[in-house]
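Let me begin by presenting the structure, written as structure tokens, before commenting on it.
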Amino acid sequence: MTRAAGWAALALVCLLAPIPGAAQSTGVVSGTVTDTSGAPIAHVRVSAAGAAGVVGVSDVAGRYRLGPLAPGRVVLRFERLAYRAALDSVTVPAADSLELNVTLHAGRFALVPVVVTAAKRSQLLDQAVTSVALVTDSDLARRAVNTVDEAVNKAPGVLFLNGQVNIRGSSGFVEGVGSRVLLLVDGVPANEGDRGGIDWDMVPLDVAERVEVVKGAGSSLYGSAALGGIINVLTRDIPVGLHGRARATGGAYANPPNDLWRFRESTGGLGGLDVTGSYGSDLVRGSLTLGGRHSDGYREQDRSDQWEVAGKTAWIPAPGTRVTGSGSWTSHQYQVSSPWCEHGRCNDRGLAFQPFRIDVNDTGAYTRSDKGYLTAIVERSASARFAWQARGSWLRTHFTSVHPTAGAVANRLGTELRATARPGEGDARALTLGVEGARSDVTSDLFGSHAQHELAAYGEGEARTGPARLSAGARLDARALDGAGFDAVLSPRVGVVLPTAAGTWRLSAGRGFRAPSLAERFVSTTAFGLRVIPNPGLQSETAWAFELGDATPLGSWGRLDAALFWTEARRLIEPTFSTDSFGVPRIQFQNVARARLRGLDLSLAAAPAIPGLTTTLGYTFLDARDLASDSVLAFRPKHLVTLGADYAWRALTVGADFRYVSRIERIILATNWANDPRVATQALDLRAGWRRGPLLARLLVANALNYIYNLTPGTLEPVRTVSVILTWTY
Amino acid sequence: METAVKLTAPARGLIIARMPSRVSCVALVAGAAALACNDGLRPTPQATTCPAGFRGICGTVTFRGAVPDSTQAVFVVAFATFPRSLSELFTFQPRVPTPLPLGGASALYTDTLPDGRYEWVVAVWEKQGVLTPQTAPTLLAEAGFFRDSSDTTKRGVVVVNGTGTDHVDFVIDFTNRHPVCTYFPPCP
């Protein structure tokens, strides 16, 4: 089906292509503009000396077309903000076209990108009062990853524990339940309505353009779940004209490095195909993405199949007015492979554990997980000083598990009205006000049937006083469960940003909170042979978060961002072992812990003296204490280091990422604590890319040294995986 | 989508802003590679003694008889004192016991325990079903216990004192199970 769609798109492209011969005596120059990593650059202005009025602009695929040009020698100039201008001379043929591909190098200026998440409005990165990490479209392309979580996982200070995202150690690991990080898709909340977790496969990577990671409490603008941070996945805008993109992936998993761990005779493979087509005019625009992927998995009983569709439309009835509709649907069917087999629970070959094999009692465990969202957004910029936005959204998740049999259908309906005013001169002042409502419901044999209603109002103002920018705001969240059990939480935040000769300093203090998910309140099941019982009386967990940061340009070759953070958490919701009145042990989510998470977050991006070389360094030191029991907080590693380097030479790029995670000192929820063989994470990824015209080929060797490790009990992290990704862009 | 950028003036010279050399870049990559060459998990033979740093008891249980089809799980747990009533039946340690592997003729078990004296180390056979205080007398049964080496008719005493106490070995006899109600009659 997808192959047929690809041929149909190709045929359409051929039919709609301009008919040559319109200007027989002139010529045309066309080609692609890329950066040193091979990523296309949009909005590059192309002009020809002596040909006044003949100007071209590159599109999102980096393609430009300049003409008509008089035949003969001509000097072309390629210019874009933040890049060094490039000059090239060509001989324009008469009545013909010429292809010229150009690579632009970053200019000798420190760039300050615009972010839209930290203050719920657009602002320059160095005006945000909290730390923001960016995963740009260049990062996404260069790393050649397949899912959004793989892309986010390399951001400084971010660590995934078996799919559960942690920003500066926020969430720990609770089997994906109750994330303390809020996921947004184009600014719309997308955490599950029942478990409060995140379905990372809900948004196809192919529609993501960039990701903003806001660190620290963000509840003053976003409410529940933004206790530890916010991840905003921003999808691609739809360009004018007809465009297409196809991305094919194929690869293989390495076999276990030791024969005692072998579990199959053949080599496991993976593959996938995503096809996107879009058309845009000044009035309406639309895009559609279809995709599918298969993986044999790298462990026993680890196959997965996924199908996805995503679409986006935009209507621009007047300048400054835009109506956007978007949505996606993903069906993911996968075998459940964890936990691994411990001695005596499979053909263990005399070993204490077999990390590639499963417990024979878990044979046949399988889950089908369908999920999707629909969003409609109306935006209006009435003037340079006032804009408003209204949106509605529907998020639906549905999973069915076999062995053990379980299922749940959950919905989350949300709506928001927001206005931003910028009174006064320039950007001296800004005020954001909004109201937000949501309804979540679940029907499940694990959680029962319940509904929760939320209503919130928020506001934040910012004013420039001398060189400093001061901001203050708060949000009031009210919540009603099953028509009763009303509660309310106030989340204020204050911050200041001060540019100095020693960089731009930022200081903030804010309150974060997370309301218990319906699953945490009402779960009723068995785990580890024990009953897991509901706790309808759970209260919201809260935290005060403080941050002092400084962003410093390092000459003309780099940028250093350092932040000290300190979070005091109260009433944390954790799974707890307790006994009933008769003494029978059981598990229940309870408000028990007081915790303190503090540390240092460093991020360095540099382009050293070697032309074409760029490097990055991220380091997070985390001191996480459970104050109630005076012990290390579970599932929080102390050190997290990410190193990256990329080198570009003409159309060829090579690069590497190295990730070090210190050994996790304390775990909970393990069935056999004494036999837990955790080690530190030391994973090296290698990559290479080559571009020719619209075709981009990438080679990715993830975990190149086939380092065998786990982060959560009994769950093996991926082995060496070799992938080839071919991307064709029109 | 906003993609604008702002230009800022190049920074004045900072001490930490020295341009890194080619050598330091190569050293950085080499250092990362060297770190990554370190060992990860490796095949580990099944231990026969308590692991290093472990606090609790370890031992080998030898199985006798066929595992009943109705088996939910078998655990080894420890009581500080022999339970005197049904209400004390759930005062065992560890609070979340690890089910024993039942595939072979014997199995090594490890129970994480706080320091102290334990008068009854016992194998508990659990029948399939939902365990509650009401169902416990019929779902749980004793299937063997650690015995005093000088008088095997008596229960053996185990002491945990900051480390692992090894060789708390005994037999689990599936053909000779004693339901909880045997200890706390009447039986239904």
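The values are calculated or read from the model by the stated rules, or taken from the named source; none is laboratory data. Treat the numbers as computed from the prediction; the structure is a model and nothing was measured. Positions of Cβ are generated from backbone atoms using ideal geometry, with glycine treated the same way; all protein chains shown enter the neighbour counts. With ligands, DNA and RNA removed, areas are computed over all heavy atoms of the protein, side chains included. Shrake-Rupley method; radii C 1.70, N 1.55, O 1.52, S 1.80 Å.
How much FRET efficiency would the formula 1/(1 + (r/R0)^6) give for residue A:697 and residue B:175, where r is the Cβ-Cβ distance and R0 is 41 Å, rounded to 0.05?
After rounding, the FRET efficiency stands at 0.05.
Can you give me the distance in nm between label points at residue A:382 and residue B:55, each placed 7 Å from the Cα along the Cα-to-Cβ direction?
6.6
Once the other residues with Cβ under 9 Å from the Cβ of residue A:493 are scored (Lys, Arg +1; Asp, Glu -1), what is the net sum?
Summing Lys and Arg as +1 and Asp and Glu as -1 gives +1.
Estimate the FRET efficiency between residue B:132 and residue A:417 by the formula 1/(1 + (r/R0)^6), using the beta-carbon distance for r and 60 Å for R0, to the nearest 0.05.
FRET efficiency, residue B:132 to residue A:417: 0.75.
Heads up, I need the accessible area for residue A:649: 1.4 angstrom probe, whole protein in place, Å², nearest 10.
Surface accessible to solvent at residue A:649 totals approximately 140 Å².
Of A:170, A:33, A:682, which is farthest along the charge dipole of chain A in the positive direction, counting Lys and Arg as +1 and Asp and Glu as -1 at C-beta?
A:33
PRE reach from residue A:368 (point 7 Å along Cα→Cβ): which of segment A:391-415 fall under 18 Å by backbone N?
A:396-410
Label-point separation (nm) for residue B:149 and residue A:425, each offset 7 Å from Cα along Cα-to-Cβ?
With each label point 7 Å from Cα toward Cβ, the separation is 9.2 nm.
With a 1.4 Å probe and all protein chains in place, put A:639, A:450, A:403, B:167 in order of accessible area, largest first.
B:167, A:403, A:639, A:450
Please work out the Cα center distance from segment A:163-233 to segment A:426-457, rounded to the nearest Å.
Measuring centre to centre over Cα atoms gives 14 Å.
Given a 1.4 Å probe and heavy atoms of the protein chains only, how would you sort A:638, A:154, B:154, largest accessible area at the top?
In descending accessible area the options line up as B:154, A:638, A:154.
Note down the magnitude of the dipole of chain A about its Cα centre, charges +1 on Lys and Arg C-beta and -1 on Asp and Glu C-beta and zero elsewhere, to the nearest 20 debye.
In debye, rounded to 20, chain A gives about 1240.
Sorted from largest down, what three extents in whole angstroms do the Cα atoms of segment B:32-125 have along their principal axes?
Dimensions of segment B:32-125 along the principal axes of its Cα atoms: 61, 34, 20 Å.
Using every alpha carbon pair in the protein assembly as shown, what percent of pairs falls into each 20 Å bin from 0 up to the bin containing the largest distance?
13, 43, 32, 11, 2, 0
For segment A:506-607, which whole percent of the accessible surface, found with a 1.4 angstrom probe, sits on carbon and sulfur atoms?
Carbon-and-sulfur percentage of accessible area, whole number: 59.
Once you sort the root eigenvalues of the Cα gyration tensor of segment A:111-224 as a ≥ b ≥ c, which label holds: rounded (a/c under 1.5), prolate (a/b larger than b/c) or oblate (the other case)?
Because a/c hits 1.5 or more and a/b fails to exceed b/c, segment A:111-224 counts as oblate.
Non-local amide H neighbours of residue A:636 (under 5 Å, H modeled in plane, Pro and chain starts lacking H): which ones?
HN-HN under 5 Å from residue A:636: A:665, A:666.
First measure r as the distance between the Cβ atoms of residue A:487 and residue B:67, then evaluate 1/(1 + (r/R0)^6) with R0 = 51 Å and state the FRET efficiency to the nearest 0.05.
0.55
Using label points projected 7 Å from each Cα along Cα→Cβ, tell me how many nm separate residue A:329 and residue A:88, to one decimal.
4.4
Enumerate lysine pairs in the protein assembly as shown that are 8 or more residues apart or on different chains, then count those whose Cα atoms are under 30 Å apart.
17
How many partner chain Cβ atoms sit within 10 Å of a residue's Cβ in peptide A:345-355, on average, as a whole number?
4
Sort A:458, A:83, A:647 by accessible area with a 1.4 Å probe, largest first.
A:647, A:83, A:458
What accessible area per residue comes out for chain A, rounded to a whole number of Å², with a 1.4 Å probe?
Spelled out: the 1.4 Å probe surface of chain A, per residue, equals 39 Å².
For the interface of chains A and B, what total accessible area is buried with a 1.4 Å probe, rounded to the nearest 100 Å²?
Buried surface at the A/B interface: approximately 5300 Å².
Work out the length of the dipole vector of segment A:445-498 about its Cα centre, built from +1 on the beta-carbon of each Lys and Arg and -1 on the beta-carbon of each Asp and Glu, and round it to the nearest 20 debye.
Once rounded to the nearest 20, the dipole reads 460 debye.
For segment A:171-266, just say rounded, prolate or oblate: build the C-alpha gyration tensor, square-root its eigenvalues into a ≥ b ≥ c, call rounded for a/c under 1.5, and beyond that prolate if a/b exceeds b/c, oblate if not.
Since a/c reaches 1.5 but b/c is at least a/b, the shape of segment A:171-266 is classed as oblate.
How much net charge surrounds residue A:429 when only the other residues with a Cβ under 11 Å from the Cβ of residue A:429 are counted, with Lys and Arg +1 and Asp and Glu -1?
+1
Compute the accessible area per residue over segment B:45-188, keeping the other protein chains in place, probe 1.4 Å, unit Å².
Ligands and nucleic acids excluded, the figure is 48 Å² per residue.
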